[in-house]
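The values are calculated or read from the model by the stated rules, or taken from the named source; none is laboratory data. Small disclaimer: the values here were computed from a predicted structure and weren't measured. Cβ: placed from backbone, ideal geometry, glycine included. Neighbour counts: every protein chain shown.
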Amino acid sequence: MFDLSKPIITLTDSAADRAKALMGRADNESIGLRVGVKHTGCSGLSYVVEYAKERKRMEDVVEDKGVKIFIDPTAVMFILGSEMDYKEDKLYSGFVFTNPNETGRCGCGESFSVAAE
């Protein structure tokens, strides 16, 4: 199910530009962004993006397009091979993920599921 030869996550140019802009406005203790998942929603999992102030134990660090992304170790198996993008329109702005491991997504798009093998 999981292709370990792929990077954990990659960023589009739009996501990298937005991450750099956010880091430019963050307090100077932030060293990058952290990506993880939490259990929530009707499909079970939701993506979490937050500022990282330090590297936590067992975290992977991905550097792409000049941005450091810290990957919560409990999220790796759910997001392996994902692409992080940034979308903005009249009704929504935020990071969105294209995840090859997703097996389902709720109707509103807020949560996703990954089938266990």
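See the values below:
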{"quantity": "Inter-residue pairs, beta-carbon under 8 Å, first on the phi > 0 side of the Ramachandran plot and in the stretch 68-82, second assigned to a strand (DSSP E or B) and surrounded by fewer than 19 Cβ atoms within 10 Å (Cβ to Cβ), 6+ apart", "calculated": "none"}
{"quantity": "Boolean, T40 is touching a Ser or Thr at 6+ places or on another chain (Cβ under 6 Å) and either of a type in the set (S, T, N, Q) or modelled with pLDDT of 95 or more (or both)", "calculated": "yes"}
{"quantity": "Members of the stretch 12-42 that are surrounded by fewer than 15 Cβ atoms within 10 Å (Cβ to Cβ), acidic (D, E) and within 16 Å of the chain's Cα centre (by Cα)", "calculated": "D13"}
